[in-house]
């Protein structure tokens with residue numbers, strides 16, 4: 001029998017392993033100014049993993065909170081897996097995010113500041129594990145959004161002009 005550490009299930013995930021992005025929260029990038037990003041594992045049950053693999057996931061109104069020293073993700077919609085038994089999961093159930101205590105303390109200190117919130121940015125597979133990119137973010141006001149759009153369009157125009165001059 002192989003030693004558990006050398007077993008493929010217990011093998012550490014390396015940076016060489018392919019990262020496959022399943023879903024991205026584009027609205028969060030528009031509505032929030034990202035201050036800090038964290039990678040977290042997400043606690044899922046069997047059918048949910050298969051639904052995530054099939055990209056049946058929606059970020060609409062998803063956010064995270066800190067409760068009793070844990071980070072809980074709310075309103076993330078993962079569609080029920082249609083081939084699973086009739087004892088399927090609830091699509092928008094609260095899901096625990098797996099972070100180190102040190103990271104949770106840093107996040108708690110940031111979120112307690114005025115105007116910061118926790119927003120999921122993307123869900124992806126790192127190797128065979130489902131991960132979520134979580135951001136500490138500050139909400140943008142309407143005029144801030146307009147400024148960001150105007151700057152992006154100006155940058156795009158400058159790239160287009162310089163491309164044609166070459």
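What follows is calculated from the coordinates using simple rules that are stated; it is not laboratory data. Every value quoted in this text rests on a predicted model; they were computed, and no experiment measured them. We place every Cβ from the backbone using ideal geometry, glycine too, and count neighbours over all the protein chains shown.
Quick notes
- Projected-area mean, the stretch 27-98, by convex hull of Cα positions, square nanometres: 5.6 nm²
- Length released on extending from residue 103 to residue 68, taking residue separation times 0.36 nm less the Cα-Cα span: 11.2 nm
- In the chain, the longest principal axis of the Cα atoms and the axis of helix 142-165 are about 80 degrees apart.
- Using alpha-carbon coordinates, inclination of helix 101-111 to the longest axis of the chain, degrees: 40 degrees
- Between residue 153 and residue 114, full extension at 0.36 nm per residue minus the direct alpha carbon distance yields a gain of 11.0 nm.
- Translational D in µm²/s for the chain (Stokes-Einstein at 25 °C, 0.890 mPa s, Kirkwood Rh from C-alpha pairs): 135 µm²/s
- Between 153, 33, 43, the residue with the greatest mean-square fluctuation in the GNM of the chain (Cα pairs under 10 Å linked by springs) is 153.
- Each of 117, 21 was scored by other Cβ atoms within 10 Å of its Cβ. Arranged with the fewest first, they read 21, 117.
- Normalised by the number of residues in the chain, the average gap of Cα pairs under 8 Å and 6 or more apart makes the relative contact order 30 percent.
- Diffusion coefficient, µm² s⁻¹, Stokes-Einstein with Kirkwood Rh over alpha-carbon pairs of the stretch 74-160 at 25 °C and 0.890 mPa s: 146 µm²/s
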